[in-house]
Amino acid sequence: MRVVLEKSRKSAICEALIGFYKSEFDEDLSEFRAEELVEFMHKQLGPSLYNQAIQDARKFMSEKLDDLDTEFYMADEG
C-alpha cells in the first residue's frame, strides 16, 4: 500500500517548512524546494512511520481485547 499525502496536507507542511527555515536558519526556502523536501521525506519516512502506526494500533487493540477478557469474564460457579 502506498501512503498518499493529500494535496492540502502537503501544502500545509510546505508552508510550515518554509516558516521553519526562515525562523531557524534565517534563510528563504522557495515553494519548489519545500515541495521537493517534503516529497523526499515522505518517500523516506512515510512507509516506516505507517508501519509503526499499524504496529502501535495493533498493540493497543490487543491490549483492549485482553482487558475485555479480564473485565467481562465470568467464573463458572458450578
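What follows draws every value from the coordinates through simple rules; no lab data is involved. Note that this is a predicted model, so its numbers are computed, not measured. Cβ atoms come from the backbone with ideal geometry, glycine included; neighbour counts cover every protein chain shown.
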Original post:
What is the helix-to-structure angle for 31-72, meaning the angle in degrees between its Cα long axis and the longest Cα principal axis of the chain, kept from 0 to 90 and rounded to the nearest 10?
Top reply: 10 degrees
**OP:** Note down the magnitude of the dipole of the chain about its Cα centre, charges +1 on Lys and Arg C-beta and -1 on Asp and Glu C-beta and zero elsewhere, to the nearest 20 debye.
**Re:** 500 debye
Subject >> All-pairs Cα distance distribution in the chain, expressed in whole percent, bin size 5 Å >> reply: 3, 13, 14, 14, 11, 9, 8, 7, 6, 5, 4, 3, 2, 1, 1, 0
Original post:
Cα axis of helix 7-25 to longest principal axis of the chain: angle in degrees, 0 to 90, nearest 10?
Top reply: 60 degrees
Subject >> Two-site FRET efficiency, Ser30 against Val4, from Cβ-Cβ distance with R₀ of 25 Å, rounded to 0.05 >> reply: 0.55
